[in-house]
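Single-structure report; data block below.
The values are calculated or read from the model by the stated rules, or taken from the named source; none is laboratory data. On a predicted model such as this, the values are computed, not experimentally measured, just so you know. Don't worry about glycine lacking a Cβ; one is built from the backbone with ideal geometry, like all the others, and counts go over all protein chains shown.
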Amino acid sequence: MQPKRKDLNFIQTLNDKLTRKDPVLDLAYDRMGDAGIVFLCRNKDLTHVQKLDLSWNEITDGGLAVLAGTAPLPELRHLVLNANQIGNEGAKSLAVSKNLPNLETVELVNNQISDFGALSLVKSQSLLNLRFIDLEMNKVGQKKITRFPDGAVVSKLRLLNLRRNLVGDETLADWAQAGAFEKLVQLNLGWNQITNKGARILAHSPTLNRLETLALDSNHIADPGALDIANSKHLNNLAQLYMQDNNYSQIGETALRVMRARILVEKKRTENHLNLNEQRLDNKDLAGLSKYEKLEEMVSLSLRNNHFDYHGVQDLANSKYLKNLKSLNLMSNAVGDKGLLLLAESAHLSQLESLNLEYAGITALGILALSHSPHINQLKELNLSGNNLGEKGLRILASSGNFKNLVKLRVSGVPMGDSGFQALVQSNNLSQLEELEAMGNTITRASLDSLANSSKLPQLKKLDLRRNKLKELDLIFLADSPEFHALEALRF
């Protein structure tokens with residue numbers, strides 16, 4: 001009686017979902033088997049379903065053949081068949097189906113599919129909108145392939161996941177020769193059996209020239225394979241390369257980091273400006289970047305919000321290829337006082353005119369190092385916002401001749417009170433200052449009076465004093481005072 005009750009509950013639940021015309025039909029873990037697939041396809045209208053999840057249902061090749069061949073599923077975009085018992089014949093049934101014209105993704109994780117079934121899907125002549133095939137934890141590469149599906153890759157396939165299979169060097173050679181990779185932008189080959197020979201095959205395959213992401217982690221690649229990939233003439237579009245847990249040494253890692261730097265520079269540069277913001281660059285990436293000779297062509301380098309600290313800054317500061325750099329953005333990195341000291345000692349940064357150190361962990365010690373730098377003394381723009389400079393740091397800044405060319409200074413949230421602010425506006429060294437941003441500090445009316453009587457005010461064009469300790473009467477004073485009317489922009 002219990003199985004019948006379970007079947008009745010399943011049918012009732014299924015009917016409820018189909019009656020609502022839900023675009024997502026989730027039948028995972030129902031263990032319906034092939035008989036359930038037959039019942040579903042022959043008795044229920046699935047023409048509205050856009051995503052169908054049949055994971056963990058004990059489906060075999062026969063069940064998938066029924067699903068692929070019984071009735072058209074014109075709206076189906078995503079088919080999930082993880083953790084079943086599907087092999088090559090099932091994959092082939094899916095590949096030749098004319099009933100799935102809009103299918104975009106197929107997930108077949110943890111099944112029994114080997115090379116022929118996988119290649120049948122990759123080279124399907126029917127699933128023309130297919131973009132992503134997930135074949136993780138199958139049997140690709142288990143045996144030498146003896147027959148290949150006919151035809152070229154004609155679908156829109158862009159992403160292929162072969163992680164945790166049995167892919168070795170011969171398998172890669174066969175797949176590359178069959179043209180299976182030619183349209184891919186993402187290829188995951190992690191946790192397989194690829195050695196230096198396989199890495200060389202990938203590096204020398206022109207069919208991989210569209211790849212933007214390649215995962216080769218947890219294989220058996222040593223320095224020769226790493227060097228082949230690093231020097232590849234075909235992998236020039238790679239933005240992400242994952243090769244952790246292989247057998248290469250520092251030699252291979254350095255070459256791969258230089259490769260990544262080279263690709264990033266070529267993809268992210270705009271003429272002589274290079275924007276590498278938010279690229280997850282760490283210290284080793286900066287070491288690779290600093291060795292790339294085309295940095296010499298850059299006048300602007302932005303590295304905002306990455307993952308390096310003063311160790312990465314050291315490699316950057318020692319790079320002879322930064323000699324033409326005029327603008328450097330290190331915002332939101334753990335530069336710290338050590339990093340700023342290294343920058344201050346760099347003879348390669350003598351042309352620097354703009355330096356952004358916002359939220360870079362700088363204190364008065366870092367400002368002291370910068371104030372005594374024999375090289376960085378031509379700055380016109382300096383951003384120190386979000387650092388704990390204190391009054392001491394601001395006084396050092398105000399008293400150093402190294403900042404005599406500053407035109408723009410940002411010191412928001414440093415924190416700064418009246419003493420620090422007055423040190424800036426009364427400084428004889430900051431005689432070129434035109435823009436001053438000092439938001440989020442503790443400036444009071446005393447600073448306004450000091451500025452109103454200062455010789456610095458007539459030269460200022462822009463002043464930002466928002467989020468300070470100014471009272472309503474102080475704001476009225478700013479709005480009505482003729483001394484401040486000459487400013488092009490005043491924010492308070």
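Table for the structure above
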quantity	calculated
Candidate set: the stretch 24-39, residues that are of a type in the set (Val, Ile, Thr) and over 39 Å from the mean Cα position of the chain (by Cα); chosen: the one surrounded by the fewest Cβ atoms within 10 Å (Cβ to Cβ)	VAL38
Members of the stretch 415-436 found to be under 39 Å from the mean Cα position of the chain (by Cα) and closer than 11 Å to ASN405 by Cα, listed by number	LEU433, GLU434
So GLY361, is it assigned to a loop (DSSP other than H, G, I, E, B) and among the small types (Gly, Ala, Ser)	yes
Close pairs from the stretch 37-63: first without any contact (Cβ under 8 Å) to a residue 12 or more places away in the chain, partner aliphatic (A, V, I, L, M) and not in a helix (DSSP H, G or I), Cβ under 8 Å, at least 6 apart	PHE39/MET32
Residue ID - nearest to GLU488 (Cα to Cα), chosen from residues in the stretch 431-449 that are surrounded by 18 or more Cβ atoms within 10 Å (Cβ to Cβ) and at pLDDT below 95	LEU448
Residues of the stretch 238-252 satisfying the condition of being surrounded by fewer than 19 Cβ atoms within 10 Å (Cβ to Cβ) and either at pLDDT 90 or above or over 20 Å from the mean Cα position of the chain (by Cα) (or both)	TYR242, GLN244, ASP245, ASN247, SER249, GLN250, ILE251
